[in-house]
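One structure is given below, encoded as structure tokens.
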Amino acid sequence: MTVRTAAAGSLAPPVALPAMTSTRGRPFGVYIHVPFCATRCGYCDFNTYTPGELGGSNPDGWLAALRLELAQAAQHLDVVRQVDTVFVGGGTPSLLGGSGLAAVLDAVRANFPLARGAEVTTEANPESTSPSLFAQLRAAGYTRVSLGMQSAVPHVLAALDRTHSPGRALAAAREARAAGFDHVNLDLIYGTPGESDDDLLRSADMAVEAGVDHVSAYALVIEEGTAMARRVRSGELPTPDDDVLARRYELLDARLAAAGFDWYEVSNWSRPGGECRHNIGYWNGGEWWGAGPGAHGFVGTVRWWNVKHPNAYAQTLTDGRLPVAGYERLDSATMHIEDVMLRVRLRDGLPLRVLTDSERRRVETAVADGLLTRAAERLVLTDRGRLLADAVVRDLLD
């Protein structure tokens, strides 16, 4: 596997993205990273910037640079790819407003043809949404909204440094539905210090009552360098307990199942037809162009990542270069590992045919241990297996 990265501290990184051969038949998506946030949540280590950290960068300059990157992207690919899905993430995309997010989608359309029925998603923070925003998004062509709810309980939101009120995410979900969005997701986090089982179940119940068709839920991870990591290290907050996290996952899964949601990936549940097609593309080995500061992309066998700071990102594009900080060309062994690691997390399961002979022999042990079941030549995680998905992958692989 070949890896090339930019020289440390360079503004215009000396890395040219190599020629890539797109794989016909794979789904193709575009991911757009919006790096702006009004405040920084204590648990977050994403590539985001508050106004005081931007050093003169602003959404207008970011959008101008994004247009340049998408134009270069279309020229760099070996064939013109039809886009099946678009996902605008962050950061806080909703800070761009309805007109800004419409301009983002226009920039994609100006360079890539959108497939008929393409899924177009934007993330949004509840406090920066409104009925008029959702109406503008529907008119612009967005088909799906993902809202950062995290919890419906005040003390849990406070521990996460979230600024919205407990009911705002639910109101935003209802506003999105009223604006014509059939597909609305609410993100939850479980395992926050101070959270109880009842707190989580209350949040799950309220998400269901808001009428959404998709719920994502992630165990809290204490990331190094975050404010929450410093609080844990000082003893102010306890470290999340693995047994508690496992119990919370089981409680959440049971509550969502009773409400008509099925898991389709270890951390994602939906009503029929509500699955996020963009993320399914990631898990099934699809290709995508990642645009924006710090965004990652993958085409053919090449994975790359952009420079992180918005100023460096914009300057590199102004200089006529793609803002690539580094790339790696994946060899067959790495592609195999990632294929197994991602596809086994799906309810559709991992096809037995992708495993080597020795890996197939290990399947029987995982089945006997109650971690996998075999269905139509596919391997599907059991309820217990979902809790130990990473360990299942490690035990299967050569």
Wholly within the stretch 288-398, helices (runs of 4 or more DSSP H) carrying at least 3 residues that are farther than 28 Å from N268 by Cβ and either of a type in the set (F, W, Y) or open to solvent by 30 Å² or more (accessible area, probe 1.4 Å) (or both):
310-318, 357-368
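Listed here are the residues, each with its yes/no results for (1) charged (D, E, K, R); (2) open to solvent by 30 Å² or more (accessible area, probe 1.4 Å); (3) within 19 Å of the chain's Cα centre (by Cα).
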site	(1), (2), (3)
T23	no, yes, no
I32	no, no, yes
D60	yes, yes, no
L70	no, no, no
L77	no, no, no
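A quick yes/no check of all residues on (1) in a loop (DSSP other than H, G, I, E, B); (2) modelled with pLDDT under 95; (3) over 30 Å from A173 (Cβ atoms); (4) β-branched (V, I, T):
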residue	(1), (2), (3), (4)
G9	yes, yes, yes, no
V15	yes, yes, yes, yes
G52	no, yes, yes, no
L68	no, no, yes, no
A73	no, no, yes, no
R81	yes, yes, yes, no
V86	no, no, no, yes
L96	no, no, no, no
D106	no, no, no, no
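Residue under question is V344, and the condition is that it be among the β-branched types (V, I, T) and in contact with an Asp or Glu (Cβ under 9 Å, 6 or more places away or on another chain); does it hold? I'd like the intermediate steps shown before the answer.
Working: among the β-branched types (V, I, T): yes; in contact with an Asp or Glu (Cβ under 9 Å, 6 or more places away or on another chain): no.
So V344 fails the test.
Evaluate the following for D199: is it touching a His at 6+ places or on another chain (Cβ under 7 Å), acidic (D, E) and touching a residue at least 12 places away in the same chain (Cβ under 8 Å)? Outline the logic, then answer.
Numbers: touching a His at 6+ places or on another chain (Cβ under 7 Å): no; acidic (D, E): yes; touching a residue at least 12 places away in the same chain (Cβ under 8 Å): yes.
No, not satisfied.
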Tell me which of these F28 doesn't satisfy, since it passes every other one: (1) in contact with a helix residue (DSSP H, G or I) (Cβ under 6 Å, 6 or more places away or on another chain); (2) open to solvent by less than 50 Å² (accessible area, probe 1.4 Å); (3) modelled with pLDDT of 95 or more.
(1)
Sole miss for V153 among (1) open to solvent by 10 Å² or more (accessible area, probe 1.4 Å); (2) over 23 Å from the mean Cα position of the chain (by Cα) is condition (1)
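Look at the stretch 131-146 and say how many of its residues are in contact with an Asp or Glu (Cβ under 7 Å, 6 or more places away or on another chain) and not basic (K, R).
Step one: filter the stretch 131-146 for residues in contact with an Asp or Glu (Cβ under 7 Å, 6 or more places away or on another chain), giving 131, 134, 143-144, 146.
Next, from what is left, pick out any that are not basic (K, R): 131, 134, 143, 146.
So the count comes out to 4.
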Flag if L256 is open to solvent by less than 50 Å² (accessible area, probe 1.4 Å), out of contact with any Gly (no Cβ under 7 Å at 6 or more places or on another chain), of a type in the set (A, V, I, L, M) and under 28 Å from N47 (Cβ atoms):
no
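Working carefully through the options A325, A376, find the one that is modelled with pLDDT under 95 and among the aliphatic types (A, V, I, L, M).
Working: A325 fails: modelled with pLDDT under 95.
The unique qualifying residue is A376.
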Out of everything in the stretch 91-123 that is of a type in the set (D, E) and closer than 21 Å to R81 by Cβ, what residue ends up being least open to solvent (accessible area, probe 1.4 Å)?
E119
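So how many residues does the stretch 124-138 have that are open to solvent by 50 Å² or more (accessible area, probe 1.4 Å) and touching a Gly at 6+ places or on another chain (Cβ under 8 Å)? Full working, then the answer.
Filtering the stretch 124-138 down to residues open to solvent by 50 Å² or more (accessible area, probe 1.4 Å) leaves 127, 131-132, 135-136, 138.
With the extra rule that they be touching a Gly at 6+ places or on another chain (Cβ under 8 Å), the set shrinks to 132, 135-136, 138.
Looking only at that region, the number is 4.
For the stretch 91-99, check the following and say yes or no: at least one residue is of a type in the set (A, V, I, L, M, F, W, C) and under 21 Å from the mean Cα position of the chain (by Cα). Walk me through it before giving the result.
Filtering the stretch 91-99 for residues of a type in the set (A, V, I, L, M, F, W, C) gives 95-96.
This time we only want the ones that are under 21 Å from the mean Cα position of the chain (by Cα), so: 95-96.
Yes, the conditions are met somewhere in the stretch 91-99.
Does E195 satisfy the condition of being modelled with pLDDT under 95 and either on the phi > 0 side of the Ramachandran plot or of a type outside the set (S, T, N, Q) (or both)?
Details: modelled with pLDDT under 95: yes; either on the phi > 0 side of the Ramachandran plot or of a type outside the set (S, T, N, Q) (or both): yes.
Yes, satisfied.
The values are calculated or read from the model by the stated rules, or taken from the named source; none is laboratory data. None of these values were measured; they are calculated from a predicted model. Counting neighbours? That spans all protein chains shown, and the Cβs are built from the backbone with ideal geometry, glycine included. Remember, those area values only see protein heavy atoms, side chains included, never the ligands or the DNA or RNA. Shrake-Rupley method; radii C 1.70, N 1.55, O 1.52, S 1.80 Å.
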